[in-house]
Amino acid sequence: MNIPKLNHIETQSLSGTIGLEIKGIDIRQKLTEAEKKFIHESLLENLVLLFPSQKEVSPKELREFSNLFGTIDEDPFSYPFIMPTDPDFPEIWNIIKEDDDKSVNFGGFWHADVTYRKCPHKVGVIYAKECPAQGGDTMFSNQYLAYETLSDGMKKLLDNLKAKHSNVMLYGGESARFGAVSKKRAASPEDRLFASKTAEQTKVDIVENIHPVVRSHPETGRKSLYVNRGFTQSFAGMTIEESLPLLNFLWEHAARPEFTCRYRWSPNTVGVWDNRCTLHYAVNDYYGAKRHFQRIAIHEESRPN
Ligand code: SIN
């Protein structure tokens with residue numbers, strides 16, 4: 001990688017394998033070409049970037065910064081969780097969980113965004129507006145390493161497989177049924193409100209697509225594992241029963257602690273992840289506190305291959 005050295009920028013890795021915190025860039029300002037290159041190359045190398053201690057970022061500024069990563073997806077999710085948007089910025093989702101909400105949270109399961117679509121997102125951008133005093137972290141996992149650490153035999157098997165991804169959340173729904181918890185309180189089973197909701201019931205069109213189980217990154221050329229518990233249903237041409245044992249192994253493997261980092265948010269932090277080679281998980285452990293984030297997604301032109 002060819003990351004330029006810039007004296008005004010300080011960085012801190014979030015773990016040995018994924019994530020970089022960057023200080024010294026005001027994302028609301030017009031960035032120099034060197035700063036843009038620094039961000040681009042750092043994302044390819046670290047997969048997740050965090051820009052803490054920003055001044056308050058307006059929707060327009062968030063949109064302008066997001067443009068750096070490609071074309072903004074104006075209709076970013078087809079997902080049973082419908083989140084409010086500002087009428088002037090319908091592409092920005094307000095991910096809000098109120099302090100008395102005992103139910104499930106948005107993104108509380110290991111997934112890459114919208115893999116049920118033909119062209120899933122290239123990059124995700126997130127802005128922390130209001131954070132719980134404790135909890136509400138996001139975890140990320142490096143899927144290059146998930147692939148590279150498999151045995152040669154398993155790699156050979158997976159290299160030839162494709163899988164069906166769907167927004168009905170057959171398994172993601174299961175993990176997302178885990179209601180809010182905190183040090184003092186846990187939601188009761190009745191509070192796990194997502195339990196009976198499916199894409200069908202929430203009037204979201206069902207979207208299903210087949211993708212390779214191992215994909216190549218269009219910019220780095222590296223291969224990564226490309227299945228996730230949220231949206232992958234079965235291997236193409238196989239039944240769910242036939243698929244599940246191997247999928248279960250791969251989902252567990254994909255989230256090994258060695259491949260992950262866990263980010264503790266503070267207000268006015270902006271995060272960016274490469275959705276082509278990572279998974280993420282929003283931890284639902286802040287029952288009693290409000291969390292308000294904003295999300296933008298960057299469209300990928302080509303299908304995973
Ligand atoms: C998501 O985009 O899946 C949610 C991330 C978060 O709220 O931390």
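Tell me whether segment 125-141 contains one or more residues that are in contact with a helix residue (DSSP H, G or I) (Cβ under 8 Å, 6 or more places away or on another chain), farther than 21 Å from residue 283 by Cβ and modelled with pLDDT of 95 or more.
Narrowing segment 125-141 to residues in contact with a helix residue (DSSP H, G or I) (Cβ under 8 Å, 6 or more places away or on another chain): 125, 127, 141.
Those still in the list that are farther than 21 Å from residue 283 by Cβ too: none.
Looking for residues that are in contact with a helix residue (DSSP H, G or I) (Cβ under 8 Å, 6 or more places away or on another chain), farther than 21 Å from residue 283 by Cβ and modelled with pLDDT of 95 or more, one finds none in segment 125-141, hence no.
State which residue is surrounded by the fewest Cβ atoms within 10 Å (Cβ to Cβ) when the search covers only segment 116-143 and only residues that are more than 9 Å from the ligand (Cβ to nearest atom) and hydroxyl-bearing (Ser, Thr, Tyr). Among them, the one singled out is 116.
The sole residue among 52, 76 that is within 20 Å of residue 3 (Cβ to Cβ), within 16 Å of the ligand (Cβ to nearest atom), out of contact with any Leu (no Cβ under 9 Å at 6 or more places or on another chain) and open to solvent by less than 20 Å² (accessible area, probe 1.4 Å) is 52.
Quick check, is residue 113 outside any strand (DSSP E or B), among the charged types (D, E, K, R), open to solvent by less than 30 Å² (accessible area, probe 1.4 Å) and at pLDDT 90 or above?
Details: outside any strand (DSSP E or B): yes; among the charged types (D, E, K, R): yes; open to solvent by less than 30 Å² (accessible area, probe 1.4 Å): yes; at pLDDT 90 or above: yes.
The answer is yes for residue 113.
Of the candidates 146, 176, the single residue that is within 11 Å of the ligand (Cβ to nearest atom), in contact with a helix residue (DSSP H, G or I) (Cβ under 7 Å, 6 or more places away or on another chain) and either open to solvent by 10 Å² or more (accessible area, probe 1.4 Å) or farther than 28 Å from residue 63 by Cα (or both) is 176. All of 237, 221 fail the test of being open to solvent by 60 Å² or more (accessible area, probe 1.4 Å), small (Gly, Ala, Ser) and modelled with pLDDT of 95 or more, apart from 237. Of all residues in segment 240-266, those that are polar (S, T, N, Q) and surrounded by 14 or more Cβ atoms within 10 Å (Cβ to Cβ) total 2.
Considering segment 118-180, the qualifying helices (runs of 4 or more DSSP H), each wholly inside and each with 3 or more residues that are touching a residue at least 24 places away in the same chain (Cβ under 8 Å) and more than 27 Å from residue 205 (Cα to Cα), run over 143-148, 152-159.
Filter segment 87-104 down to residues that are in contact with a helix residue (DSSP H, G or I) (Cβ under 8 Å, 6 or more places away or on another chain) and touching a residue at least 40 places away in the same chain (Cβ under 8 Å) and give me whichever is farthest from the ligand (Cβ to nearest atom). Ranking the qualifying residues of segment 87-104, first place goes to 102.
The values are calculated or read from the model by the stated rules, or taken from the named source; none is laboratory data. Just so it is clear, the model here is predicted, and its values are computed rather than measured. When we count neighbours, we look across all protein chains shown, and the Cβ atoms used for this are built from the backbone with ideal geometry, even at glycine. Protein only, heavy atoms only, side chains kept; ligands, DNA and RNA dropped before computing areas. Shrake-Rupley method; radii C 1.70, N 1.55, O 1.52, S 1.80 Å.
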